[in-house]
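The values are calculated or read from the model by the stated rules, or taken from the named source; none is laboratory data. This is a predicted model, so every value here is computed, not measured. Here the Cβ positions follow ideal geometry from the backbone for every residue, glycine too, while neighbour counts run over all protein chains shown.
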Amino acid sequence: MDLELQGKAAIVTGAASGIGRAIALSLSREGADLVLTDIDVAGCEQTLAQMRAARADAKGVVLRADASRLDDHEATVNAALDAYGGLDIAVNNAGIGGEANLTCDMSPEGWRRVIDVNLNGVYYAMHAQLPALLARGGGSIVNIASILGRVGWRTASAYVASKHGVVGLTKTAALEYAERGIRINAVGPGFVETPILGADPEVLEHLATLHPIQRLGQPGEVGDLVAYLASARASLVTGAYYPADGGYLAQ
């Protein structure tokens with residue numbers, strides 16, 4: 001069976017769990033060779049084990065990387081070049097929820113940490129990735145934003161600002177590199193059933209009711225959308241923001 005991404009080299013940041021792990025699994029099932037990064041190396045090793053359980057010949061490299069550090073993104077790209085000879089796909093998924101407070105009560109340190117990881121981290125990632133994609137003659141970048149890249153949420157000013165910034169950065173970079181064969185898109189998940197949401201059944205039930213589809217998203221649903229955007233099937237798609245939100249933003 002032909003695999004859509006056979007032989008393509010891909011980076012997934014924040015690949016230790018949740019949406020990042022699901023993205024890695026979706027890309028691997030389609031044949032991509034991966035570099036998996038996170039500050040949680042053990043989690044990335046578990047992701048790699050699941051990749052190999054699903055596809056015996058799956059290839060993956062695990063690297064500890066802090067999304068807020070430019071040098072870690074440069075090391076990640078170098079790992080892809082060393083392992084696979086180039087880079088075709090990058091998925092910038094690493095992010096944090098951060099401090100929850102009203103805007104006037106949020107600490108400057110809490111604000112900076114969220115911006116450093118969620119927004120600066122995506123910029124640093126693309127800064128390192130784009131030269132490698134250009135050397136390959138083109139490729140695809142998918143940045144993971146959020147529904148909160150389009151709307152607000154009380155007590156989450158830093159997170160909301162960072163995700164709005166990711167959408168704007170994605171659109172601008174897409175315009176800059178469209179003629180050079182690089183497609184750059186953003187995905188905006190709604191509330192997805194991952195450990196970050198916790199395990200309180202009342203909280204999870206409430207969050208589910210916020211979506212017209214009346215359920216939480218599943219990580220694999222986001223992963224499959226990313227795999228599509230990374231593939232040649234999405235050859236006309238760049239500069240786009242794709243919600244995966246069960247209708248949340250349609251309200």
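Mind listing whichever residues of the stretch 146-174 are under 14 Å from the mean Cα position of the chain (by Cα) and of a type in the set (D, E, K, R)?
Lys163
Can you tell me which residues in the stretch 233-251 are in a strand (DSSP E or B) and either among the hydrophobic types (A, V, I, L, M, F, W, C) or surrounded by fewer than 20 Cβ atoms within 10 Å (Cβ to Cβ) (or both)? Spell out how you get there, then give the answer.
Of all residues in the stretch 233-251, those in a strand (DSSP E or B) come to 241-244.
If the condition is that a residue be in a strand (DSSP E or B) and either among the hydrophobic types (A, V, I, L, M, F, W, C) or surrounded by fewer than 20 Cβ atoms within 10 Å (Cβ to Cβ) (or both), then Tyr241, Tyr242, Ala244 are the ones that fit.
Could you say which residue among Val222, Val151, Val160 is surrounded by 13 or more Cβ atoms within 10 Å (Cβ to Cβ) and under 17 Å from Ser26 (Cα atoms)? Spell out the reasoning first.
Values: Val151 fails: under 17 Å from Ser26 (Cα atoms); Val160 fails: under 17 Å from Ser26 (Cα atoms).
Going through Val222, Val151, Val160 in turn, the sole match is Val222.
Count, please, the residues in the stretch 210-219 that happen to be surrounded by 17 or more Cβ atoms within 10 Å (Cβ to Cβ), of a type outside the set (A, V, I, L, M, F, W, C) and in contact with a helix residue (DSSP H, G or I) (Cβ under 6 Å, 6 or more places away or on another chain). Quick ask: steps written out before the conclusion?
Step one: of the stretch 210-219, the residues surrounded by 17 or more Cβ atoms within 10 Å (Cβ to Cβ) are 211, 216-217, 219.
Narrowing further to those that are of a type outside the set (A, V, I, L, M, F, W, C): 211, 217, 219.
Next, from what is left, pick out any that are in contact with a helix residue (DSSP H, G or I) (Cβ under 6 Å, 6 or more places away or on another chain): 211, 219.
Of the residues in that region, 2 qualify.
Going through Leu197, Leu207 one at a time, which residue ends up being surrounded by 14 or more Cβ atoms within 10 Å (Cβ to Cβ) and either modelled with pLDDT under 95 or among the acidic types (Asp, Glu) (or both)? Steps first, please.
Numbers: Leu207 fails: either modelled with pLDDT under 95 or among the acidic types (Asp, Glu) (or both).
Testing whether each residue is surrounded by 14 or more Cβ atoms within 10 Å (Cβ to Cβ) and either modelled with pLDDT under 95 or among the acidic types (Asp, Glu) (or both) leaves just Leu197.
Condition first: crowded, with 24+ Cβ neighbours inside 10 Å and charged (D, E, K, R). Now tell me which residues in the stretch 9-32 satisfy that.
The answer is Arg21, and nothing else.
Are there helices (runs of 4 or more DSSP H) fully within the stretch 14-114 with at least 3 residues that are without any contact (Cβ under 8 Å) to a residue 40 or more places away in the chain and more than 16 Å from the chain's Cα centre (by Cα)? List them.
Values: elements: 18-29, 41-54, 70-84, 108-114.
In the stretch 14-114, the matching helices (runs of 4 or more DSSP H) lie at 41-54, 70-84, 108-114.
Test Ala100 against the stated conditions and say whether it is surrounded by fewer than 16 Cβ atoms within 10 Å (Cβ to Cβ) and among the hydrophobic types (A, V, I, L, M, F, W, C). Reasoning before the result, please.
Numbers: surrounded by fewer than 16 Cβ atoms within 10 Å (Cβ to Cβ): yes; among the hydrophobic types (A, V, I, L, M, F, W, C): yes.
Yes, satisfied.
Arg183 - would you say it is buried (at least 19 other Cβ atoms within 10 Å of the Cβ) and among the charged types (D, E, K, R)? Step through it out loud before you land on a result.
On the way: buried (at least 19 other Cβ atoms within 10 Å of the Cβ): yes; among the charged types (D, E, K, R): yes.
In short, yes.
May I ask you to list the residues in the stretch 128-178 that are β-branched (Val, Ile, Thr), closer than 19 Å to Ile115 by Cβ and not in a helix (DSSP H, G or I)?
Ile144, Val151, Thr155 - these are the residues of the stretch 128-178 that are β-branched (Val, Ile, Thr), closer than 19 Å to Ile115 by Cβ and not in a helix (DSSP H, G or I).
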